[in-house]
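Q: Can you read through this structure? Questions will come right after.
Computed from the coordinates by the stated procedures, all read-outs in this text should not be read as laboratory data. These numbers come from a predicted model, not from an experiment. Positions of Cβ are backbone-derived with ideal geometry, glycine not excepted, and every protein chain shown enters the neighbour counts.
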Amino acid sequence: MIVLGIDPGYAILGYGVLEVNGLKLKAIDCGVVETTPQLTFPERLERLYEGTRALIERFRPDHIAFEELFFYRNTTTALQVAAARGVAILASQQAGLPLYEYTPMQIKLSVTGDGHADKLQMQNMVKLLLHLPRIPKPDDAADALGVAICHANALGPASSEFLIK
């Protein structure tokens, strides 16, 4: 099974692709879809939408897992990230794939065993669990692999509770 993990963002959308074979996890790829401030808001959303569609076409995942949004102090940033997440969800929905979502705390708990783990702990565990030679860069790519690992760990009879409805 192929899982595409997505760490939504407006300037940078992280992605991580895993092959899941029982308890065995193998990183296939990770990276980011970036937008620049020179683009208009609709152009940035289009770039994220098209980037997500291209990832789906390239990797043909069986499941797509998203990190849920958490509280932002800056309302403008929250709205931009929510819009970015929305276009990525739309691209995934149009592909007819099952979509799942996990909170940051669920992801941290699944990957490190501590729901309050810091960024470096998360990155080190992603590296260790996937037997990578180094921590994936940029951070958004490592975070997206963490989302995919969380989903791989949740697969089973209870996994439908995380399905985006």
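Q: Positive end of the charge dipole of the chain (Lys, Arg +1 and Asp, Glu -1 on Cβ, about the Cα centre): tell me which of ALA148, THR35, ILE89 has its Cα farthest that way.
A: ALA148
Q: Another question, if that's okay. Go through TYR49, VAL20, GLY9 and say which Cα lies farthest out towards the positive end of the charge dipole of the chain; charges sit on Cβ, +1 for Lys and Arg, -1 for Asp and Glu.
A: VAL20
Q: Still on this model: Amide H neighbours of ASP29 under 5 Å, counting only residues 5+ apart in sequence or on other chains, H built in-plane at 1.01 Å?
A: Here the answer is VAL17, since their amide H atoms fall under 5 Å of that of ASP29.
Q: Most mobile of LEU130, LEU25, LEU39 per a Gaussian network model of the chain (Cα springs, under 10 Å)?
A: Of LEU130, LEU25, LEU39, the Gaussian network model singles out LEU39 as fluctuating most.
Q: With a point put 7 Å past each Cα toward its Cβ, work out how far LEU132 is from THR40 in nm, to one decimal.
A: 3.6
Q: Karplus couplings for the range 27-42 from phi (6.51 cos²θ - 1.76 cosθ + 1.60, θ = phi - 60°), rounded to Hz, Gly and Pro as x?
A: Karplus-based 3J(HN,Hα) across the range 27-42 equals 6, 9, 6, 7, x, 9, 10, 10, 10, 10, x, 6, 7, 6, 4, x Hz.
Q: List, in order, the whole-Hz ³J(HN,Hα) value for each residue of the range 46-55 obtained from phi through the Karplus relation with A = 6.51, B = -1.76, C = 1.60 and θ = phi - 60°; use x for Gly and Pro.
A: 4, 4, 5, 4, 5, x, 5, 4, 5, 4
Q: Using helices alone, what [θ] at 222 nm do you get for the chain, with -39,500 (n - 2.57) per DSSP H run of 4 or more residues, divided over all residues and rounded to the nearest 500?
A: Helix contribution divided over all residues of the chain: -15000 deg cm²/dmol.
Q: Using R₀ = 30 Å, calculate the FRET efficiency as 1/(1 + (r/R₀)^6) where r is the Cβ-Cβ separation of ASN21 and GLU57; round to 0.05.
A: So the FRET efficiency works out to roughly 0.85.
Q: Under 10 Å, Cα contacts only: if you run a Gaussian network model on the chain, which one of GLY86, GLY14, GLY96 comes out with the highest mean-square fluctuation?
A: Residue with maximal mean-square fluctuation among GLY86, GLY14, GLY96: GLY96.
Q: Compute the semi-axes of the equivalent ellipsoid of the chain, taking the square root of 5 times each eigenvalue of the Cα gyration tensor, and list them largest first in whole Å.
A: For the chain, the semi-axes come out at 23, 18, 15 Å.
Q: Let me have the relative contact order for the range 2-162, percent, based on Cα pairs under 8 Å that are six or more residues apart.
A: Values: 294 pairs, mean separation 50.3, N = 161.
31 percent.
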